[in-house]
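For reference, the structure is listed below as structure tokens.
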Amino acid sequence: MEIDPISSTQMGTPTSQKDAKALQFIEEMTRNADSVQQNVLAQLLTRNAETEYLKGFSLDGAKDRETFKSKVPIVTYEDLQPLIQRIANGDRSPILSSHSISEFLTSSGTSAGERKLMPTIKEELDRRQLLYSLLMPVMNLYVKGLDKGKALYFLFTKSETRTPGGLVARPVLTSYYKSDHFKTRPYDPYNVYTSPNEAILCPDSFQSMYTQMLCGLYEREQVLRVGAVFASGLLRAIRFLQLNWQQLTHDIRTGSLNPKVTDVSIRECMARILRPDPDLADFIARECQKDDWERIITRIWPNTKYLEVIVTGAMAQYIPTLDYYSGGLPKACTMYASSECYFGLNLNPMCNPSEVSYTIMPNMAYFEFLPHEPNSPGLGVSVQPVDLANVEIGKEYELVITTYAGLYRYRVGDILRVTGFHNSAPQFQFIRRKNVLLSIDTDKTDEAELQTAIENASQLLRKFNTSVVEYTSYADTKTIPGRYVIYWELLAKDSANSASNEVLDQCCLAMEESLNSVYRQCRVSDNSIGPLEIRVVKNGTFEELMDYAISRGASINQYKVPRCVSFTPIMELLDSRVVSTHFSPSLPHWVPERRR
Ligand code: AMP
């Protein structure tokens with residue numbers, strides 16, 4: 001088979017026919033980005049022409065970009081919500097898509113405090129699978145011999161619910177792991193996981209993690225790469241090992257399984273894997289007993305060549321901790337995806353995290369890009385989106401997608417900067433998600449949500465004649481799990497009757513109760529966020545903060561209290577003025593959402 005220049009000149013030589021075919025596909029798609037996009041749009045407009053949504057814009061059979069753009073508006077989730085709700089309630093008519101909606105994917109983005117529901121269709125699984133199938137062929141160009149060992153990936157499924165109309169609602173990865181695409185995947189020497197399917201598919205996060213860790217420990221010498229979807233997930237696994245190594249080594253020593261793992265299919269599967277191995281148990285116990293956990297990943301899994309975790313965007317905050325535990329192993333961010341649509345992949349996965357650029361694959365959906373001025377708060381109405389092939393290097397854009405599943409000109413909310421092109425397909429650095437102030441795991445809290453949480457919590461201070469005069473926040477990721485830290489400056493008008501520590505602890509909980517359901521699920525079900533902390537600072541601290549900002553050149557007229565901080569001198573100033581600290585005394589309320 002002919003090997004394309006992508007492989008020989010830019011990325012090395014593919015290791016197999018299968019890889020060469022995948023690389024060839026990337027080449028074809030990226031060389032013809034514009035025409036692929038035109039075809040994608042024509043195809044999805046043709047097939048969805050009779051949907052209620054598109055009929056409403058009188059496209060009259062037009063399939064071209066100009067008509068599409070002039071007639072169909074750019075929308076947000078909130079605009080589509082009434083239609084999505086009708087589908088959730090059981091309306092099977094072709095509202096958004098001519099193909100029947102197979103399920104809802106629950107995004108980590110929220111609307112009115114609840115997860116967004118993204119309708120999807122069966123064939124989208126094939127599209128996602130296609131993108132996955134491109135990742136290893138690219139990786140094999142950079143790292144040799146990955147077929148000689150295994151991947152220790154911590155993969156999890158989460159709980160699912162049903163909408164009133166009977167459709168399943170679950171996260172996109174849960175949908176993928178439960179699909180036959182994943183469960184009955186053909187053997188591929190480049191994609192052998194240490195985690196058995198039974199462990200990945202167990203919805204109980206403790207049992208799933210315990211089993212995956214145990215299997216990873218048994219196969220420590222075979223492990224060539226260690227990963228999780230996001231950096232926070234991998235660090236959670238390290239923390240889990242810290243907390244559970246004694247029981248894990250007991251199991252390895254005796255060849256028995258922790259009785260807390262009760263899932264029948266896991267127990268059956270582990271009965272085939274478990275064997276007493278006292279030497280291995282001694283080794284792991286010796287390493288875990290040490291006070292110093294620096295480089296623990298490479299000590300336990302000595303053949304690890306790289307970590308596979310997303311550390312772009314909000315996850316960049318975890319890079320120093322990952323480096324500490326791995327001795328600075330390369331961190332491969334392989335793909336960029338969402339519940340709405342999988343977007344693209346990193347063609348240079350071993351690059352430094354700060355240089356990661358994702359190449360959007362033009363076959364995945366129809367993409368448009370709204371020019372985004374970094375320093376201007378809103379978009380002028382007149383700003384026109386540009387096509388994939390027409391974005392300009394160095395500029396920032398907000399991603400807008402039109403998908404086969406029936407989202408049309410939908411604002412994803414991600415801000416991307418163009419760093420270059422691969423053939424005629426642009427490559428993007430992920431800059432940030434719009435309006436996200438705080439994020440520890442998959443949670444995303446915006447300024448309005450934080451403000452509401454502060455307002456609700458400060459109700460508890462009313463009877464003490466106390467109010468919150470200023471606040472700011474910080475995502476503390478130095479501990480695992482990380483947590484939200486909120487700095488409060490209080491005004492107590494009645495010093496004889498000030499709020500007690502218990503009341504301030506309750507304020508922490510009241511804030512958590514007000515935060516969105518993704519935050520609360522991370523706290524309660526996934527244990528991926530720790531108790532929220534309030535740090536009360538001395539009166540006058542926020543004025544000092546303003547003085548500091550002005551001394552660094554901020555305009556006194558335009559100064560606004562930053563609602564989230566991370567700059568070290570500011571943190572030091574705030575922390576040096578703390579008079580008391582308070583933590584949530586219990587978990588907030590969370591149950592799997594019932595979709596009304
Ligand atoms: P969800 O729909 O819950 O899967 O979240 C999708 C969002 O996660 C995207 O819109 C991005 O904001 C973020 N995301 C996904 N992949 C990446 C990545 N590789 N780097 C940075 N952020 C990402």
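Numbers for the structure displayed
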{"read-out": "Top-ranked residue of the stretch 299-318 - restricted to ones that are hydroxyl-bearing (S, T, Y) and over 19 Å from L217 (Cβ atoms), ranked as farthest from the ligand (Cβ to nearest atom)", "value": "Y306"}
{"read-out": "Residue within the stretch 147-167 that is more than 16 Å from the ligand (Cβ to nearest atom), of a type in the set (A, V, I, L, M) and under 26 Å from G344 (Cβ atoms) present", "value": "yes"}
{"read-out": "Per-region count, the stretch 469-509, residues modelled with pLDDT under 95, assigned to a strand (DSSP E or B) and touching a Phe, Trp or Tyr at 6+ places or on another chain (Cβ under 9 Å)", "value": "3"}
{"read-out": "Residue match in the stretch 268-289 (condition: of a type in the set (A, V, I, L, M), touching a residue at least 60 places away in the same chain (Cβ under 8 Å), within 16 Å of the ligand (Cβ to nearest atom) and closer than 27 Å to L146 by Cβ)", "value": "no"}
{"read-out": "Answer residue from the stretch 99-126, given it is within 15 Å of the ligand (Cβ to nearest atom) and of a type in the set (K, R) and is nearest to Y342 (Cα to Cα) among those", "value": "K116"}
{"read-out": "Residue within the stretch 22-37 that is in contact with a His (Cβ under 6 Å, 6 or more places away or on another chain) and more than 30 Å from P592 (Cβ to Cβ) present", "value": "yes"}
{"read-out": "Selection count, the stretch 415-434, where residues are within 11 Å of the ligand (Cβ to nearest atom), open to solvent by 10 Å² or more (accessible area, probe 1.4 Å) and either more than 30 Å from D34 (Cα to Cα) or out of contact with any Gly (no Cβ under 6 Å at 6 or more places or on another chain) (or both)", "value": "3"}
{"read-out": "Leading residue by the ranking (farthest from the ligand (Cβ to nearest atom)) among those in the stretch 319-333 that are among the aliphatic types (A, V, I, L, M) and outside any strand (DSSP E or B)", "value": "L329"}
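The rows are residues; the columns are (1) basic (K, R); (2) outside any loop (DSSP other than H, G, I, E, B); (3) modelled with pLDDT under 90.
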| residue | (1), (2), (3) |
| --- | --- |
| C522 | no, yes, no |
| R535 | yes, yes, no |
| E543 | no, yes, no |
| D547 | no, yes, no |
| G553 | no, no, yes |
| V561 | no, no, no |
| C564 | no, no, no |
| I570 | no, yes, no |
| L573 | no, yes, no |
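To keep it simple, each residue is scored yes or no on (1) under 31 Å from the mean Cα position of the chain (by Cα); (2) open to solvent by 60 Å² or more (accessible area, probe 1.4 Å).
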site	(1), (2)
T46	no, yes
K55	no, yes
L59	no, no
T76	yes, no
D79	yes, yes
P82	yes, yes
G109	yes, no
M136	yes, no
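The values are calculated or read from the model by the stated rules, or taken from the named source; none is laboratory data. Fair warning: this is a prediction, and the values are worked out from it, not measured in the lab. Reconstructed Cβ throughout: ideal geometry from the backbone, glycine too, with neighbour counts over all protein chains shown. Just the protein is used for accessible areas: all its heavy atoms, side chains included, with ligands, DNA and RNA removed. Shrake-Rupley method; radii C 1.70, N 1.55, O 1.52, S 1.80 Å.
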